[in-house]
1. Just to be sure, is S55 within 30 Å of H5 (Cα to Cα), more than 9 Å from the chain's Cα centre (by Cα) and of a type in the set (G, A, S)?
2. Report, by residue number, each residue of the range 12-28 that is under 17 Å from Y41 (Cα atoms) and of a type outside the set (A, V, I, L, M).
3. For the chain, list the helices (runs of 4 or more DSSP H) that sit wholly inside it and hold at least 1 residues that are in contact (Cβ under 8 Å) with a residue 40 or more places away in the chain and polar (S, T, N, Q); which are they?
4. Of everything in the range 25-45, what is modelled with pLDDT under 90 and either of a type in the set (S, T, N, Q) or surrounded by 12 or more Cβ atoms within 10 Å (Cβ to Cβ) (or both)? Give them in sequence order.
5. Which residues, taken from the range 24-60, are farther than 20 Å from A11 by Cα and touching a Lys or Arg at 6+ places or on another chain (Cβ under 9 Å)?
Amino acid sequence: MKKRHEQKMLAASVLLLLLFNAPLLYAYNVKQQICGIPVFYFTVFTIWFISVLYSYIVLKKYYE
């Protein structure tokens, strides 16, 4: 893997570690809902989906 791809993946990992930190997640633990889904679950799965999509894009460029 190229160095710049490794750096992007490392930066994404650190960002995800910070985003999934307990104090930050507790900020979204409210009783409100978005489209019938609790805000906490919506936030966690949205962050997860965006991270998977970002990883796919970075790794797809690597394999081309």
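The values are calculated or read from the model by the stated rules, or taken from the named source; none is laboratory data. Being a predicted model, the structure only gives us computed values, none of them experimental. Here the Cβ positions follow ideal geometry from the backbone for every residue, glycine too, while neighbour counts run over all protein chains shown.
1. yes
2. Passing the criteria: F20, N21, P23, Y26, Y28.
3. Because the criterion is at least 1 residues that are in contact (Cβ under 8 Å) with a residue 40 or more places away in the chain and polar (S, T, N, Q), the helices (runs of 4 or more DSSP H) in the chain that meet it are 39-63.
4. L25, Y28, N29
5. P38, V39, listed by residue number.
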